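S.K.: Handing you a structure now.
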Amino acid sequence: MKTKLCLLISVFLLVKASAQSEFNVLFYNVENLFDVQNDSLTNDDEFTPDGERHWTYKRLNKKLLNTSKAILNASGWEAPTLIALCEIENRYVLERLRSETPLKTLPYKIIHKESPDFRGIDVALLYNSEKFYPLQYEYYPLTGKDGEQLKSREILYVTGVLGGIDTLHVFINHWPSRYSGVMETQELRANAARLLRTKIDRVFDKNNQAKVLIMGDFNDQPSNESLITYLDTQPLRTNFLGGQLYNLSESWKQNTGTIKYQGQWFIFDQVIVSGGLLANEAGIYTKPGWACVCNLPFLLEDDKTYGGLKPFRTYSGFVYNGGFSDHLPILIKLQTH
């Protein structure tokens with residue numbers, strides 16, 4: 001009897017282990033993934049064969065191959081189920097990334113629309129159609145003080161069923177940059193945070209325990225006002241509450257970051273999740289330590305000016321460098337019970 005009981009327990013544990021599934025979600029600011037054509041409606045002139053960067057088909061092909069290499073190596077053996085991207089120009093470059101690189105071996109489909117951004121860069125989502133079934137998606141435009149639509153990237157919201165088991169709500173962001181100055185642009189990022197919080201609260205109004213995943217390039221650090229005050233992210237703790245947001249990136253080491261500027265690393269690319277995704281009770285779940293920066297060796301090069309390493313970029317100024325991006329990808333692992 002004792003032997004039979006042990007055998008039954010072993011079989012139960014084996015079935016339970018095999019029933020668990022793992023999914024990786026990647027976010028990557030690919031930095032200026034433009035086609036070579038001049039779009040008269042956007043400011044993309046420098047990324048043309050006759051432009052300042054002498055952007056050619058050969059260089060575009062190299063960029064696409066490098067991007068696919070980063071994506072497929074970021075999560076080890078298990079390719080990402082969801083690939084959130086920003087700084088892509090249009091559907092054309094997404095289609096080529098999906099069908100003309102090693103990504104073509106996987107059944108990825110695309111969610112994308114043209115944004116009002118003055119440079120023509122967008123946010124998009126590639127998803128493995130065998131593992132994720134989208135139910136709905138929307139793009140939310142950013143607005144200014146007077147309610148006018150800004151010429152900036154929109155926030156992409158996608159909700160769908162992951163692994164045929166549980167519903168996941170995904171928000172993909174690329175907030176206004178600091179290019180014109182940190183103080184001069186902080187209100188733009190505060191507005192983006194307010195908009196995002198409003199849309200997330202609509203999800204929580206329907207289900208306080210909703211599984212929400214927020215990723216993006218926020219152009220602010222986890223400790224900045226836009227994320228702490230306006231998005232209202234909470235400190236990491238042992239007990240997680242539904243209807244609250246927790247920034248898993250706040251525990252990342254400051255000296256590794258996702259982007260480096262004048263010798264200093266910044267954590268602009270972040271992973272934020274709802275308490276429902278951390279509660280670990282049923283369906284999809286994650287843990288604070290399952291979000292990370294993908295600082296693979298081939299994505300980095302020596303920083304000859306400031307020391308240490310820095311992201312291996314496509315351009316160094318206007319000099320072609322043949323690298324990947326000025327940002328490192330970020331990843332989160334999800335599991336199901």
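The values are calculated or read from the model by the stated rules, or taken from the named source; none is laboratory data. Just so we're clear, the structure is a prediction, and the values are computed from it rather than from any experiment. Note that each Cβ is placed from the backbone with ideal geometry, even for glycine, and that neighbours are counted across all protein chains shown. When the accessible area is computed, the model is the full protein with side chains, heavy atoms only, and any ligands, DNA or RNA have been set aside. Shrake-Rupley method; radii C 1.70, N 1.55, O 1.52, S 1.80 Å.
S.K.: Just one of the numbered conditions (1) open to solvent by less than 20 Å² (accessible area, probe 1.4 Å); (2) part of a loop (DSSP other than H, G, I, E, B); (3) more than 21 Å from residue 151 (Cα to Cα); (4) in contact with an Asp or Glu (Cβ under 7 Å, 6 or more places away or on another chain) is not true of residue 55; which one?
M.R.: Result: residue 55 passes all but (4).
S.K.: Looking only at region 289-302, filter to residues that are open to solvent by 20 Å² or more (accessible area, probe 1.4 Å) and part of a loop (DSSP other than H, G, I, E, B); which one of those is farthest from residue 328 (Cα to Cα)?
M.R.: If we filter region 289-302 for residues that are open to solvent by 20 Å² or more (accessible area, probe 1.4 Å), which is where we start, we get 289-290, 292-293, 295-298, 300-302.
From what's left, part of a loop (DSSP other than H, G, I, E, B): 295-296.
Working: 295: 6, 296: 9 Å.
Applying the filter and picking the extreme gives 296.
S.K.: Just wondering, is there one or more residues in region 95-106 that are of a type outside the set (Gly, Ala, Ser), surrounded by fewer than 21 Cβ atoms within 10 Å (Cβ to Cβ), under 14 Å from residue 33 (Cα atoms) and in contact (Cβ under 8 Å) with a residue 40 or more places away in the chain?
M.R.: Taking every residue of region 95-106 in turn, none turns out to be of a type outside the set (Gly, Ala, Ser), surrounded by fewer than 21 Cβ atoms within 10 Å (Cβ to Cβ), under 14 Å from residue 33 (Cα atoms) and in contact (Cβ under 8 Å) with a residue 40 or more places away in the chain.
S.K.: Next question. Is it fair to say residue 91 is open to solvent by 60 Å² or more (accessible area, probe 1.4 Å), out of contact with any Gly (no Cβ under 7 Å at 6 or more places or on another chain) and within 23 Å of residue 296 (Cα to Cα)? Break it down into steps so the answer makes sense when it comes.
M.R.: On the way: open to solvent by 60 Å² or more (accessible area, probe 1.4 Å): yes; out of contact with any Gly (no Cβ under 7 Å at 6 or more places or on another chain): yes; within 23 Å of residue 296 (Cα to Cα): no.
So residue 91 fails the test.
S.K.: If I ask for residues that are more than 16 Å from the chain's Cα centre (by Cα), farther than 17 Å from residue 209 by Cα and not in a strand (DSSP E or B), which ones from region 253-276 would you list?
M.R.: Scanning region 253-276 gives 253, 254, 255, 256, 262, 263.
S.K.: Just checking, how many residues over region 133-153 are without any contact (Cβ under 8 Å) to a residue 40 or more places away in the chain, under 27 Å from residue 285 (Cα atoms) and in contact with a Leu (Cβ under 9 Å, 6 or more places away or on another chain)?
M.R.: Of the residues in region 133-153, 5 are without any contact (Cβ under 8 Å) to a residue 40 or more places away in the chain, under 27 Å from residue 285 (Cα atoms) and in contact with a Leu (Cβ under 9 Å, 6 or more places away or on another chain).
S.K.: Taking residue 184 and the conditions (1) farther than 14 Å from residue 231 by Cα; (2) modelled with pLDDT of 95 or more; (3) of a type in the set (Asp, Glu), which numbered condition does it fall short on, given that it satisfies the others?
M.R.: Result: residue 184 passes all but (2).
S.K.: Quick one: count up the residues across region 222-239 that are part of a loop (DSSP other than H, G, I, E, B), open to solvent by 30 Å² or more (accessible area, probe 1.4 Å) and out of contact with any Asp or Glu (no Cβ under 8 Å at 6 or more places or on another chain). I'd like the intermediate steps shown before the answer.
M.R.: Taking region 222-239 first, the residues part of a loop (DSSP other than H, G, I, E, B) are 222-224, 231-232, 235-239.
Then drop every residue that is not open to solvent by 30 Å² or more (accessible area, probe 1.4 Å), which leaves 223-224, 232, 235-239.
Restricting the remaining residues to those that are out of contact with any Asp or Glu (no Cβ under 8 Å at 6 or more places or on another chain) gives 224, 232, 237-239.
The number of residues fulfilling the criteria is 5.
S.K.: Next question, about the same structure. Considering only residues of region 308-334 that are outside any strand (DSSP E or B) and hydroxyl-bearing (Ser, Thr, Tyr), which is surrounded by the most Cβ atoms within 10 Å (Cβ to Cβ)?
M.R.: Looking only at region 308-334, we keep the residues that are outside any strand (DSSP E or B), and these are 308, 312-314, 317-318, 321-326, 328-329.
If we keep only those that are hydroxyl-bearing (Ser, Thr, Tyr) as well, we get 314, 325.
Numbers: 314: 22, 325: 24.
For region 308-334, the residue satisfying everything is 325.
S.K.: Something else now. Which residue pairs have Cβ atoms closer than 9 Å, lie 6 or more positions apart in sequence or on different chains, and pair a first residue in region 21-37 that is on the phi > 0 side of the Ramachandran plot with a second residue that is surrounded by 21 or more Cβ atoms within 10 Å (Cβ to Cβ) and of a type in the set (S, T, N, Q)?
M.R.: Taking only residues 6 or more apart or on different chains, the pairs are 31/314; 31/325; 32/314; 32/325.
S.K.: Counting only residues that are over 20 Å from residue 292 (Cβ atoms) and surrounded by 20 or more Cβ atoms within 10 Å (Cβ to Cβ), which one in region 65-88 is farthest from the chain's Cα centre (by Cα)?
M.R.: Only one residue tops the list, namely 66.
S.K.: Another question about this same structure. Right, residue 44: open to solvent by 10 Å² or more (accessible area, probe 1.4 Å), over 24 Å from residue 170 (Cα atoms) and either in a helix (DSSP H, G or I) or in contact with an Asp or Glu (Cβ under 7 Å, 6 or more places away or on another chain) (or both) or not? If you could, list the steps in order and put the result at the bottom.
M.R.: Numbers: open to solvent by 10 Å² or more (accessible area, probe 1.4 Å): no; over 24 Å from residue 170 (Cα atoms): yes; either in a helix (DSSP H, G or I) or in contact with an Asp or Glu (Cβ under 7 Å, 6 or more places away or on another chain) (or both): yes.
Criteria not met by residue 44.
S.K.: Among the numbered criteria (1) touching a residue at least 40 places away in the same chain (Cβ under 8 Å); (2) buried (at least 21 other Cβ atoms within 10 Å of the Cβ); (3) of a type in the set (A, V, I, L, M), which one does residue 278 miss?
M.R.: (1)
S.K.: Out of all the residues in region 200-221, which are surrounded by 17 or more Cβ atoms within 10 Å (Cβ to Cβ) and charged (D, E, K, R)?
M.R.: Within region 200-221, 211, 217, 220 qualify.
S.K.: Could you tell me how many of the residues in region 1-36 are at pLDDT below 95 and not in a helix (DSSP H, G or I)? Spell out how you get there, then give the answer.
M.R.: Of the residues in region 1-36, the ones at pLDDT below 95 are 1-22.
In the following step, the residues that additionally are not in a helix (DSSP H, G or I) were identified as 1, 20-22.
Residues flagged as at pLDDT below 95 and not in a helix (DSSP H, G or I) within region 1-36 amount to 4.
S.K.: Among the candidates 256, 286, 305, which residue alone is under 27 Å from residue 68 (Cβ atoms), open to solvent by 10 Å² or more (accessible area, probe 1.4 Å) and out of contact with any Pro (no Cβ under 8 Å at 6 or more places or on another chain)? Steps first, answer last, please.
M.R.: Numbers: 286 fails: open to solvent by 10 Å² or more (accessible area, probe 1.4 Å); 305 fails: under 27 Å from residue 68 (Cβ atoms).
Result of the check over 256, 286, 305: 256.
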